[in-house]
């Protein structure tokens, strides 16, 4: 995308952030500073091999929407989204927003994250292991620090069933695995 000459920044919010499988998810694209007259474009964030994401337009949105909100229906698994905006003639686009994620504890049929010890609630003061499993031999484990909205790619998981050991950490985080276009279930710690 071309950079906006106005220096406009986009921030994408999602509701709900934790998903009931099959429910609708509302995406809202905020402009900072507030600015009017933009068309909004909506994207799925697809993991790539560069510890980053490729952005694919959501169905029916390639022409943009006048409204800064968009609803995704029937979402069943953890997913990432982004937005951009454009206006003018010729059309000038902003940068993409940072990816924002909708998390689900439901296990994807081809990607799963398991935690040991296996229980509903985990605490930052304990040691645990997180294992990526599924139909792939190339995984990456993602850590999202919820207090800071900070996304990190943890050491690469290069074999099927690769395990990451998390020692004591004083911060709350959500973890999930990614491989190809697949997102695993998410775990809140």
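Read-outs throughout are calculated quantities, based only on the coordinates presented, and are distinct from any laboratory measurement. Because the structure is a prediction, the values reported are computed rather than measured. Reconstructed Cβ throughout: ideal geometry from the backbone, glycine too, with neighbour counts over all protein chains shown.
Based on Cα contacts under 8 Å between residues 6+ apart, the chain shows a relative contact order of 21 percent.
Once you have the Kirkwood Rh of segment 51-109 from its Cα pairs, apply Stokes-Einstein at 10 °C and 1.306 mPa s and quote D in µm²/s. Before the final figure, lay out each step's value.
Working: Rh = 13.6 Å.
Diffusion coefficient, whole number: 117 µm²/s.
In nm, give the distance between the simple-model label positions of residue 145 and residue 126, each being 7 Å from the Cα along the Cα-to-Cβ direction. Going by the 7 Å Cα→Cβ label model, 2.3 nm. For residue 30 and residue 63, the difference between the fully extended length at 0.36 nm per residue and the C-alpha to C-alpha distance is 10.0 nm. Across all Cα pairs in segment 9-102, the calculated P(r) in 10 Å bins from zero up to the longest distance comes to 17, 50, 28, 5, 0 percent per bin. For segment 63-143, the alpha-carbon coordinates run over 57, 29, 25 Å along the three principal axes, in decreasing order. On a per residue basis, the convex hull of the C-alpha atoms belonging to the chain measures out at 121 Å³.
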